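The structure appears below as structure tokens.
The values are calculated or read from the model by the stated rules, or taken from the named source; none is laboratory data. Since the model is a prediction, treat every value here as computed from it, not as a measurement. Note: ideal-geometry Cβ built from the backbone for every residue, glycine included; neighbour counts use all protein chains shown.
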Amino acid sequence: MPRTFGKLRVSVALFALLATSTAANARDQITIVGSSTVFPFATTVAERFGKNTDFKTPVVEQTGSGGGLKLFCSGTGEKTPDITNASRRIKASEVELCAKNGVDEIVEVKIGYDGIVLANSRKSDVMELTRKDIFLALAKDVPAGEGKTKPNAYKSWKEVNPDLPDVKIEVLGPPPTSGTRDAFVELAMEGGCKQIDWIKALKKSDKNAYKALCHTIREDGGFVEAGENDNLIVQKLEVNPAAFGIFGFSFLDQNSDKIQGSIVEGNEPEFDEIAEGNYPISRSLYVYVKKAHIGVIPGIEEFLEEFISEDAFGEDGYLGDKGLIPLTEEEVEDVLDAVTNLTPVEL
Amino acid sequence: MAVSSDISIAARGQKNRLVELAVRCVLIFCALVAVATTIGIVASLLFEALRFFQQVPLTDFLFGLEWSPQTALRSDQVGSSGAFGAVPLIAGTLLISAIAMIVATPLGLMSAIYLAEYANERTRGIVKPLLELLAGIPTVVYGFFAALIVAPMLRNGGESMGFEISSESALAAGLTMGVMIIPLISSLSDDVINAVPQSLRDASYGLGATQAETIKQVILPAATPGIAGSLLLATSRAIGETMIVVMAAGLAAKLTANPLEAVTTVTVQIVTLLTGDQEFDSAKTLSAFALGLLLFVITLCLNVVALRIVDRYKEQYD
Amino acid sequence: MTESAIILKSAGSKRHRAESRFRAYGLIAIAISLSFLLIMIGSITMRGTAAFKQTFVQIEVNLPTEKLDPEGTRDPEVLRKARYGKLLKSALREQFPDAKKRADKKSLYKLISSTAEYSIRDQVAANPSLVGGIHPFWVRASSDVDQYMKGTIDGSLEESQRRVNDKQIAWIESLKASGSIESRFNTQFFTGGDSREPEQAGIMGAVVGSALTLLICFLLAFPIGVLAAVYLEEFSAKGRINRFIEVNINNLAAVPSIVYGLLGLAILLNVFNLPRSTPLVGGMVLALMTLPTIIIASRSSLRAVPPSIREAAFGLGASKVQTTFHHVVPLAMPGMLTGSIIGMAQALGETAPLLMIGMVAFIVDVPGGVTEAATALPVQIFLWADSPERGFMEKTSAAILVLLGFLVIMNLAAVYLRRRLEIRW
């Protein structure tokens, strides 16, 4: 018996130890949550920060923009994340939620732009599209004459626009839970939708109908929800040269030997074109910081400094190598200003 | 027991009784942890699922033919209310599981028959652990294999024969999953076949039957309930499998019986809903728990039935 | 059983053929199953072994005192603070003066890993006498160069279709000619934490995370599982409650693992507010998952202890507790341990429940305790399979090989225990 009880005692003691260690030690490591689009950039900065300074390397978790903001806004204290990444701007409703939970000062850092590209295998030809083509090919309902719609029956790109090749419409894209999908719908689909005059007029008369028409993606096989595992989509595009995939620019950049981005309205999805704002489907990426945690969790200010250093998000910075499109000079000024003064976001 | 000899027998007896009691309590507590786990699972799934059913009626969930959890991510997004019909997910799950079972049943069963009836001790000693190795390979590895090797192979093969096979076809996930459950079926069936009394075999041989005839006409019929039980357990395993389908199956909820098309499963949706960009208590997130509950109930029913059959069968020959 | 089979030779060739056909089916089934195993392990090994090698480039770096250590203290702390990136870049420009245009310079810098400056920093800090001279350093090549050297990137393709351009290839060839580029064993892969740069990424963090998770899992599941089995086998009356618990355990053994993840998310994280992404929570979830396996194995092991042992102990006046813990449990221990190791091996390969509790995170530092954020080996595999950088493809396969290696070791340990220690009655 002594032996067995000895073992029992050891495990009881261990549990007690675990319990106390959970309660006692204050966190000395930054935790970051949020968008999977910003994830590659945030992790690169985190890694450099860990190597360049004596602080611990921050932990970065992908929860998605919405999920990240939700966790971020759940309160202050070491159990809540210090920073959240977002592939869209924080919403008024989210600022309210934050304030309700005691997170009243949030610092917004705009870190750069990301293009959303429609890419296919290098084995096929580069496609030249307009946003209207994209809308007509992927919407659930398409306009049929003034004020009327019909379910989308286009099977081939040629049916959408006679100038396009006779290739079956098959687009692999992110699921509705993804922020990339969100941005794609807003920028590409709605952008094309607006080009039809009566729909543009509809926006003023019936906003809901307008949104329902412009934002709903077809579900009959032309658009295949293929997950956010973009690497696997690249593999799938390689074996299926007719198919297109929807990616963030950084993914295209990394896989430029296998896939090519379609030209949209005459602009190639290239670094400079996106940076200059010519490529029409691009969005801003943000990092949000909890002001209450600055000074409590060590290293947050230094981490931000690393993020917005010229070495990182500047024109030739290492984030550019990862596919982040840098801000313009005036914007950089604003961001530097916001970070030095830790100005809370105002919508 | 470290008790010094000067303690009187009576005190010692009393101490012993106390110790016995304490030990018994600790033991009962440990046994109840398993029960508590079940309660925990049911409670957590039910609690979140009930919140979901306040927003989406149970009948819509169970009988709806459309799954498209496109609820607004934010309040200012499209007013699409989303469709939460689980039927296409269940159909997809069953399609992939069926493919897996079609692959695994003959392979697993024949392997088991060979190992139990034909193989000598040495072959058995080598082959059995190798088959079990298949069961020991983590599912994330199968997923990687399915997505990067099986799926492109099928696609290219299909293309050269004039078929159009989707790159996340149910077939690729199902085939790989089938390989994964071969050892499950073979080892369970092996046990079952071994449990058939030797006297049945001897009687059959005595009547002049060959080994194959004995197996087909005597042993298998005798072992049928046990084999059925093991097949049910394997099906339940296939239905609950996550990583293979997360990595190799699609996300589009389509109601189809064509194995060449992409389908999605209950487990894939749970993972996507809980790891993507979303609000934490929207119907979308809560639906993951409703799906979890559904999965739990389905596998539980299969398991209860399967275990019962196996138990009955065992009693028959015990 | 073959011995007892009586094959009647006179029974006609048709029955004979049916017999051999049936036998062949069995063999074919086994052959197919095992060939799947072979193909899978083979293809992953082929992809993965490349990751055990890493290309290194030798560069002559000038380490001027005024830039690194203006006060001449040679204090490692001061030397660590200096920035080595610029020195490295100018060293590259000196070695290849033909890179004049901005784009060319950029391609030139991309020859070596962006983390190379840290390895130089560490070497200088460790050996301050290097300051003030020009020294050759072997640094990691970038992932693209590494892939080119390994032949994954095909240099004969058109320039736009590969990630290494013509200039870079020319530089690589000149490095090759001077013997300044070579392939070495990639120790970093085994000793480093995760990284965004494929050439720098290692699995140590994930291995330690898995080890901590399994430790928690074992500390919880083993005692509870064994004691529950002892209760069910030795103490409880064979009544309705016992039957209920038994059915319960058997069913838990077949609950899909992802459901345990949901349990962890809803109860451990949301109700008890335990820290996300930690081995503590991961271990608890996995412990609940492996508990049924351990209970079932322990019970059969207890059942195998013959009643005569118990009767002998009782006969000498031992109490129930004494009999059980002094005699029955020690005899059943090897079997219980074997069952537990197999349960632990399952837990080691489990991914789905860990996804639910936030262990899909980017973590560079090797975790130092169970309440620090960590990732686990299978999750690392999932994360790498997800990464855009091409170099991660081989790392994923290599990480799978390491995981399989651990699983084989655990299973061999179980087999060894079973063969050596298990007492046959």
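Which condition number in (1) assigned to a helix (DSSP H, G or I); (2) surrounded by fewer than 22 Cβ atoms within 10 Å (Cβ to Cβ); (3) at pLDDT 80 or above is the one that B:THR267 fails?
Of (1) assigned to a helix (DSSP H, G or I); (2) surrounded by fewer than 22 Cβ atoms within 10 Å (Cβ to Cβ); (3) at pLDDT 80 or above, only one is false for B:THR267: (2).
Any idea which of B:ALA147, B:ALA203, B:ALA209 is within 12 Å of chain C (Cβ to nearest Cβ), among the small types (Gly, Ala, Ser) and not in a helix (DSSP H, G or I)?
Details: B:ALA147 fails: not in a helix (DSSP H, G or I); B:ALA203 fails: not in a helix (DSSP H, G or I).
Being within 12 Å of chain C (Cβ to nearest Cβ), among the small types (Gly, Ala, Ser) and not in a helix (DSSP H, G or I) holds for just one of B:ALA147, B:ALA203, B:ALA209, which is B:ALA209.
Is it true that A:GLU306 is over 29 Å from A:GLU186 (Cα atoms) and of a type outside the set (Phe, Trp, Tyr)?
Numbers: over 29 Å from A:GLU186 (Cα atoms): yes; of a type outside the set (Phe, Trp, Tyr): yes.
Considered against the rule, which asks whether it is over 29 Å from A:GLU186 (Cα atoms) and of a type outside the set (Phe, Trp, Tyr), A:GLU306 comes out as yes.
For region C:225-240, which positions are of a type in the set (Ser, Thr, Tyr) and in a helix (DSSP H, G or I)? First the steps, then the outcome.
Of region C:225-240, the ones of a type in the set (Ser, Thr, Tyr) are C:231, C:236.
Scanning region C:225-240 gives a single hit, C:TYR231.
For region C:48-160, which fully contained helices (runs of 4 or more DSSP H) count at least 3 residues that are in contact (Cβ under 8 Å) with a residue 40 or more places away in the chain and of a type in the set (A, V, I, L, M)? Lay out the reasoning, then the answer.
Working: elements: C:65-68, C:76-81, C:85-95, C:102-109, C:116-126, C:143-149.
Helices (runs of 4 or more DSSP H) meeting the threshold: C:116-126.
Answer yes or no: is there a residue in region A:296-309 that is without any contact (Cβ under 8 Å) to a residue 60 or more places away in the chain, within 16 Å of A:GLU331 (Cα to Cα) and not in a helix (DSSP H, G or I).
Yes; the residues of region A:296-309 include at least one that is without any contact (Cβ under 8 Å) to a residue 60 or more places away in the chain, within 16 Å of A:GLU331 (Cα to Cα) and not in a helix (DSSP H, G or I).
Can you find even one residue in region B:117-130 that is within 8 Å of chain C (Cβ to nearest Cβ), in contact (Cβ under 8 Å) with a residue 40 or more places away in the chain and surrounded by fewer than 24 Cβ atoms within 10 Å (Cβ to Cβ)?
Step one: filter region B:117-130 for residues within 8 Å of chain C (Cβ to nearest Cβ), giving B:117-118, B:120, B:127, B:129-130.
Next, only the ones that are in contact (Cβ under 8 Å) with a residue 40 or more places away in the chain stay: B:117-118.
Next, only the ones that are surrounded by fewer than 24 Cβ atoms within 10 Å (Cβ to Cβ) stay: B:117-118.
Yes, there is a match, as at least one residue in region B:117-130 is within 8 Å of chain C (Cβ to nearest Cβ), in contact (Cβ under 8 Å) with a residue 40 or more places away in the chain and surrounded by fewer than 24 Cβ atoms within 10 Å (Cβ to Cβ).
Give B:GLU241, B:GLU213 a once-over and let me know the one that is assigned by TED's automatic domain parsing to the domain that holds B:VAL103, touching a residue at least 60 places away in the same chain (Cβ under 8 Å) and among the charged types (D, E, K, R). First the steps, then the outcome.
Working: B:GLU213 fails: touching a residue at least 60 places away in the same chain (Cβ under 8 Å).
That would be B:GLU241, the only listed residue that is assigned by TED's automatic domain parsing to the domain that holds B:VAL103, touching a residue at least 60 places away in the same chain (Cβ under 8 Å) and among the charged types (D, E, K, R).
Mind checking which residues of region C:173-209 are of a type in the set (Gly, Ala, Ser), buried (at least 16 other Cβ atoms within 10 Å of the Cβ) and more than 21 Å from C:GLY405 (Cβ to Cβ)?
Initial filter on region C:173-209 (of a type in the set (Gly, Ala, Ser)): C:174, C:177-180, C:183, C:192-193, C:195, C:201-202, C:205-206, C:209.
Next, from what is left, pick out any that are buried (at least 16 other Cβ atoms within 10 Å of the Cβ): C:180, C:192-193, C:195, C:201-202, C:205-206, C:209.
Matches in region C:173-209: C:SER180, C:SER195.
Residues are listed down the side, and each one gets a yes or a no for (1) closer than 25 Å to A:ALA183 by Cα; (2) away from chain C (no Cβ under 14 Å); (3) at pLDDT 85 or above:
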residue: A:PHE249; (1), (2), (3): yes, no, yes
residue: A:GLY266; (1), (2), (3): yes, yes, yes
residue: A:ALA292; (1), (2), (3): no, yes, yes
residue: A:ASP334; (1), (2), (3): yes, yes, yes
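Return a yes/no flag: does region C:352-372 have any residue that is among the small types (Gly, Ala, Ser) and surrounded by fewer than 22 Cβ atoms within 10 Å (Cβ to Cβ). Let's see the steps before the verdict.
The initial filter retains those residues of region C:352-372 that are among the small types (Gly, Ala, Ser), namely C:352, C:358, C:361, C:368-369.
Then drop every residue that is not surrounded by fewer than 22 Cβ atoms within 10 Å (Cβ to Cβ), which leaves C:368-369.
Yes, region C:352-372 contains a residue that is among the small types (Gly, Ala, Ser) and surrounded by fewer than 22 Cβ atoms within 10 Å (Cβ to Cβ).
Of the residues that make up region C:138-151, is at least one surrounded by 13 or more Cβ atoms within 10 Å (Cβ to Cβ), under 27 Å from C:PHE52 (Cβ atoms), among the β-branched types (Val, Ile, Thr) and modelled with pLDDT of 85 or more? Walk me through how you get there before you give the answer.
Restricting attention to region C:138-151, the residues satisfying the condition of being surrounded by 13 or more Cβ atoms within 10 Å (Cβ to Cβ) are C:138-150.
Keeping just the survivors that are under 27 Å from C:PHE52 (Cβ atoms) gives C:138-150.
Filter once more, keeping what is among the β-branched types (Val, Ile, Thr): C:139, C:145.
Right, trim to modelled with pLDDT of 85 or more and you get C:139, C:145.
Looking for residues that are surrounded by 13 or more Cβ atoms within 10 Å (Cβ to Cβ), under 27 Å from C:PHE52 (Cβ atoms), among the β-branched types (Val, Ile, Thr) and modelled with pLDDT of 85 or more, one finds at least one in region C:138-151, hence yes.
Is there any pair with a first residue in region A:27-47 that is at the interface with chain C (Cβ under 9 Å from one of its Cβ atoms) and within 26 Å of A:ARG181 (Cβ to Cβ) and a second that is surrounded by fewer than 24 Cβ atoms within 10 Å (Cβ to Cβ) and among the aromatic types (Phe, Trp, Tyr) whose Cβ atoms are under 8 Å apart and which are 6 or more apart or on different chains, and what are they?
A:THR44/A:TYR318
Determine which single condition A:ASP253 fails, assuming it passes every other condition in (1) at the interface with chain B (Cβ under 9 Å from one of its Cβ atoms); (2) among the charged types (D, E, K, R); (3) buried (at least 21 other Cβ atoms within 10 Å of the Cβ).
Exception for A:ASP253: condition (1).
Can you name the residue in region A:163-199 that is part of a loop (DSSP other than H, G, I, E, B) and polar (S, T, N, Q) and, of all such residues, is nearest to the chain's Cα centre (by Cα)? Talk me through it step by step, then tell me what you get.
From region A:163-199, those part of a loop (DSSP other than H, G, I, E, B) are A:163-167, A:169-170, A:174-178, A:194-196; that's our starting set.
When the remaining residues are screened for being polar (S, T, N, Q), the result is A:177-178, A:195.
On the way: A:THR177: 11, A:SER178: 8, A:GLN195: 25 Å.
That would be A:SER178.
Looking at (1) outside any loop (DSSP other than H, G, I, E, B); (2) more than 9 Å from chain C (Cβ to nearest Cβ); (3) touching a residue at least 24 places away in the same chain (Cβ under 8 Å), which is the one condition that is false for B:LEU260?
(1)
Restricting attention to helices (runs of 4 or more DSSP H) lying wholly within region C:307-425, give those where 2 or more residues are in contact with a His (Cβ under 9 Å, 6 or more places away or on another chain) and more than 11 Å from chain B (Cβ to nearest Cβ). Full working, then the answer.
Numbers: elements: C:307-315, C:329-349, C:352-356, C:377-386, C:392-421.
Helices (runs of 4 or more DSSP H) meeting the threshold: C:307-315.
Considering each residue of region B:87-123, count those that are farther than 18 Å from B:THR210 by Cα and more than 21 Å from the chain's Cα centre (by Cα), and give that number. I'd like the intermediate steps shown before the answer.
Narrowing region B:87-123 to residues farther than 18 Å from B:THR210 by Cα: B:87-109, B:111-112, B:121-123.
Adding the requirement that they be more than 21 Å from the chain's Cα centre (by Cα) leaves B:121-123.
Summing the residues that are farther than 18 Å from B:THR210 by Cα and more than 21 Å from the chain's Cα centre (by Cα) in region B:87-123 gives 3.
Answer with yes or no whether A:TYR286 is within 14 Å of chain B (Cβ to nearest Cβ), under 30 Å from A:ALA338 (Cα atoms) and touching a residue at least 12 places away in the same chain (Cβ under 8 Å).
Numbers: within 14 Å of chain B (Cβ to nearest Cβ): yes; under 30 Å from A:ALA338 (Cα atoms): yes; touching a residue at least 12 places away in the same chain (Cβ under 8 Å): yes.
Spelling it out, A:TYR286 is indeed within 14 Å of chain B (Cβ to nearest Cβ), under 30 Å from A:ALA338 (Cα atoms) and touching a residue at least 12 places away in the same chain (Cβ under 8 Å).
So if I check each of C:SER43, C:SER35, which one is within 30 Å of B:ALA147 (Cβ to Cβ), facing chain B (nearest Cβ under 8 Å) and of a type in the set (Ser, Thr, Tyr)? If you could, list the steps in order and put the result at the bottom.
Numbers: C:SER35 fails: facing chain B (nearest Cβ under 8 Å).
Just a single option satisfies the conditions, and that option is C:SER43.
A:GLU273 - would you say it is outside the structural domain of A:VAL103 (by TED's automatic domain parsing), acidic (Asp, Glu) and assigned to a loop (DSSP other than H, G, I, E, B)?
Working: outside the structural domain of A:VAL103 (by TED's automatic domain parsing): yes; acidic (Asp, Glu): yes; assigned to a loop (DSSP other than H, G, I, E, B): no.
No.
Has region A:210-222 got at least one residue that is surrounded by fewer than 24 Cβ atoms within 10 Å (Cβ to Cβ), more than 11 Å from every other protein chain (Cβ to nearest Cβ) and more than 20 Å from A:VAL167 (Cβ to Cβ)?
Within region A:210-222, not a single residue is surrounded by fewer than 24 Cβ atoms within 10 Å (Cβ to Cβ), more than 11 Å from every other protein chain (Cβ to nearest Cβ) and more than 20 Å from A:VAL167 (Cβ to Cβ).
Given the structure, is A:ARG181 touching a Gly at 6+ places or on another chain (Cβ under 7 Å), among the basic types (Lys, Arg) and assigned by TED's automatic domain parsing to the domain that holds A:VAL142?
Against the criterion (touching a Gly at 6+ places or on another chain (Cβ under 7 Å), among the basic types (Lys, Arg) and assigned by TED's automatic domain parsing to the domain that holds A:VAL142), A:ARG181 qualifies.
Being basic (Lys, Arg) and within 27 Å of C:VAL164 (Cβ to Cβ) is the filter; apply it to region C:383-425 and report the residue that is surrounded by the most Cβ atoms within 10 Å (Cβ to Cβ).
The initial filter retains those residues of region C:383-425 that are basic (Lys, Arg), namely C:390, C:395, C:418-420, C:424.
Imposing the further condition that a residue be within 27 Å of C:VAL164 (Cβ to Cβ) reduces the set to C:390, C:395.
Values: C:ARG390: 20, C:LYS395: 29.
Going through the qualifying residues, I end up with C:LYS395.
Counting only residues that are touching an Asp or Glu at 6+ places or on another chain (Cβ under 8 Å), in a strand (DSSP E or B) and of a type outside the set (S, T, N, Q), which one in region A:130-153 is farthest from the other protein chains (Cβ to nearest Cβ)?
Result: A:LYS150.
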